[in-house]
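Participant: Pasting a structure below so you can have a look.
Every number in this text was worked out from the coordinates using simple rules, so none of it is lab data. For clarity, every value in this text was computed on a predicted model and none was experimentally measured. Note: ideal-geometry Cβ built from the backbone for every residue, glycine included; neighbour counts use all protein chains shown.
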Amino acid sequence: MKLFRELLAYILVVVMLCMDFFSHWSVWTIIPKALLITLFIIGIIICFAPTKKLNLEQNFWLQLRVITFIVVMTLVLPLLGGKSEIGLSLTQPFFIIIAVLTVFQLRMQWKRVQQEKAKEEEIKKQQDRLKGKNQK
């Protein structure tokens with residue numbers, strides 16, 4: 001189920017990016033943009049609202065996959081002939097600033113993951129030592 005929710009989120013992101021990059025397609029005139037954007041936001045909230053608490057490492061990898069997917073799609077869609085209506089491009093200063101902030105945020109989160117792993121290993125070592133003392 002978790003994989004299905006993540007896959008659905010990727011599909012929603014692709015649809016929204018295609019709506020921006022290929023706005024001349026007639027399929028976008030069938031459904032009003034406001035409705036599509038509302039459905040997109042609701043869908044993303046449903047897809048990423050955790051059903052149970054994710055540990056830091058799972059959360060890190062999920063964020064990394066989503067961010068990488070969006071960046072790759074932002075690279076690929078112009079190569080397929082699309083042109084962003086809102087000016088979404090990897091060469092835009094705003095996009096670069098967001099990317100740099102995202103890298104710093106992911107780096108901090110990765111450090112937290114490593115700290116959590118180190119704490120868990122230390123607790124396990126202490127438990128093993130206590131078990132050894134109790135068995136003697």
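Participant: Starting from the stretch 53-75, keep only residues that are over 22 Å from Phe22 (Cβ atoms), then list their pairs with residues that are not in a helix (DSSP H, G or I) whose Cβ atoms are within a distance under 8 Å, requiring at least 6 positions of separation or different chains.
Facilitator: Cβ pairs passing all conditions: Leu62/Leu54.
Participant: Kindly evaluate Glu85 against the criterion of being touching a residue at least 12 places away in the same chain (Cβ under 8 Å) and out of contact with any Pro (no Cβ under 6 Å at 6 or more places or on another chain).
Facilitator: For Glu85, the condition - touching a residue at least 12 places away in the same chain (Cβ under 8 Å) and out of contact with any Pro (no Cβ under 6 Å at 6 or more places or on another chain) - is met.
Participant: For the stretch 91-130, give me each residue that is among the hydroxyl-bearing types (Ser, Thr, Tyr) and farther than 17 Å from Gln63 by Cβ.
Facilitator: Answer for the stretch 91-130, where residues must be among the hydroxyl-bearing types (Ser, Thr, Tyr) and farther than 17 Å from Gln63 by Cβ: just Thr91.
Participant: Would you point out which residue out of Glu57, Glu85 is out of contact with any Leu (no Cβ under 8 Å at 6 or more places or on another chain), surrounded by 15 or more Cβ atoms within 10 Å (Cβ to Cβ), over 18 Å from Leu8 (Cβ atoms) and of a type in the set (Asp, Glu)?
Facilitator: Among Glu57, Glu85, only Glu57 is out of contact with any Leu (no Cβ under 8 Å at 6 or more places or on another chain), surrounded by 15 or more Cβ atoms within 10 Å (Cβ to Cβ), over 18 Å from Leu8 (Cβ atoms) and of a type in the set (Asp, Glu).
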